[in-house]
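Worksheet for the structure shown next.
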Amino acid sequence: MVIDPQICIKDYIASTTPKFKLANRPTRVDIFANKRAAKDSIKQDAKAIAGLSHKLYAQNKQSLLIVLQGMDTSGKDGTISAMFSRTPPLNLQVAAFKAPSRREHAHDYLWRVHDVCPRKGNITVFNRSHYEDVLVVKVRKFAPTKAINKRYRQINDFEQHLSENGTKILKFMLNISHKTQGKRLAERLVEPHKYWKFNPGDLEDRLLWQKYMKAYEIMVKRTSTSYAPWYIIPSDNRATRGALISNIVRQTLENMSPNYPDPGFRLGDFVIS
């Protein structure tokens, strides 16, 4: 295995001490010589991820859940496309969480989440996630403070349950600066292939930036655990962001050690004409 020696995944795990401040975590790091080097790293890891994913599916004993959480334009879609560019959709699913439907509202807030968690042998990516219920719900006051405060513990219990039943959890907070987000929102009104992404509501959330950053900080402090830690990923640079996450996913899959099972048969057991 060849891993860029500059990438140490422990450097990106969030501290859960009371002193943790999201504002102290960088939104940009320069660990590659240039953009091409970062993209080459993504391609290398994407190829490895494809092979590991196939072994995970064949083994059918464990699963991987990847949570991508971040402000608008932080790069969730681009990250998914880059790191799974070589992976067939055989055992890969992406779940996007928008405003709950009437049916989903009729259940507890984690009901729709558990329903799309990965089966054994599968990889599922959450593009946004159950953490919306302690982020936008908190900032926009869609639920009472007392109810939201209970959710941190409930989410930890839920993720521990998944972990103890064979699901490895990776949680990435895509850390983008206010300035970079402004530039990317502007791109959506200039570049034709991005028109469809623009939503005036994103500007309303932008006005609440400081409240969102505080909500993210509290979220990380209260839900980064030994079995499901938060990784704070500098996301102002698209290629670096993709390279970091792809490498962490690759290393995690390698540590899960999926292997093709022995079917118990050999060529000599059959006559093939």
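Structure values in brief
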item	result
Total residues in the stretch 177-193, condition surrounded by 15 or more Cβ atoms within 10 Å (Cβ to Cβ) and part of a helix (DSSP H, G or I)	4
Every residue from the stretch 102-154 that is acidic (Asp, Glu), farther than 30 Å from Ala50 by Cβ and in a loop (DSSP other than H, G, I, E, B)	Asp108
Residue list for the stretch 218-273, filter: of a type in the set (Asp, Glu) and at pLDDT below 95	Asp262, Asp269
Options Glu132, Glu204; residue that is under 21 Å from the mean Cα position of the chain (by Cα) and either more than 20 Å from Val67 (Cα to Cα) or in contact (Cβ under 8 Å) with a residue 12 or more places away in the chain (or both)	Glu132
Filter pass, Tyr227 being assigned to a strand (DSSP E or B) and either touching a strand residue (DSSP E or B) at 6+ places or on another chain (Cβ under 9 Å) or β-branched (Val, Ile, Thr) (or both)	no
Meets criteria (out of contact with any helix residue (DSSP H, G or I) (no Cβ under 9 Å at 6 or more places or on another chain), surrounded by fewer than 16 Cβ atoms within 10 Å (Cβ to Cβ), among the acidic types (Asp, Glu) and not in a loop (DSSP other than H, G, I, E, B)) for Glu204	yes
Residue satisfying all of: in the stretch 75-118; free of Cβ contacts under 8 Å to residues at least 12 places away in the same chain and of a type in the set (Ser, Thr, Tyr); nearest to Ile176 (Cα to Cα) among these	Ser81
Some residue of the stretch 2-16 being within 29 Å of Asn165 (Cβ to Cβ), among the acidic types (Asp, Glu) and in contact (Cβ under 8 Å) with a residue 24 or more places away in the chain	no
Long-range neighbours under 6 Å by Cβ, at least six apart or interchain, first residue free of Cβ contacts under 8 Å to residues at least 12 places away in the same chain within the stretch 51-74, second β-branched (Val, Ile, Thr) and not in a loop (DSSP other than H, G, I, E, B)	none
Asp11 of a type outside the set (Lys, Arg), modelled with pLDDT under 95, in a helix (DSSP H, G or I) and more than 14 Å from the chain's Cα centre (by Cα)	yes
Index of the failed condition, Ala243 passing every other in (1) small (Gly, Ala, Ser); (2) in a loop (DSSP other than H, G, I, E, B); (3) touching a helix residue (DSSP H, G or I) at 6+ places or on another chain (Cβ under 6 Å)	(2)
Among residues of the stretch 141-171, those that are closer than 27 Å to Leu64 by Cα and among the small types (Gly, Ala, Ser), counted	2
Residue match in the stretch 19-42 (condition: touching a strand residue (DSSP E or B) at 6+ places or on another chain (Cβ under 6 Å), in a helix (DSSP H, G or I) and touching a residue at least 60 places away in the same chain (Cβ under 8 Å))	no
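One line per residue, one yes/no per condition, for (1) surrounded by fewer than 16 Cβ atoms within 10 Å (Cβ to Cβ); (2) at pLDDT below 95; (3) out of contact with any helix residue (DSSP H, G or I) (no Cβ under 8 Å at 6 or more places or on another chain); (4) more than 27 Å from Leu203 (Cα to Cα):
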{"position": "Lys61", "(1), (2), (3), (4)": "yes, no, yes, yes"}
{"position": "Phe84", "(1), (2), (3), (4)": "no, no, no, yes"}
{"position": "Arg112", "(1), (2), (3), (4)": "no, no, no, yes"}
{"position": "Thr124", "(1), (2), (3), (4)": "no, no, yes, yes"}
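The values are calculated or read from the model by the stated rules, or taken from the named source; none is laboratory data. Being a predicted model, the structure only gives us computed values, none of them experimental. Glycine gets a Cβ as well: all are built from the backbone with ideal geometry, and neighbour counts include every protein chain shown.
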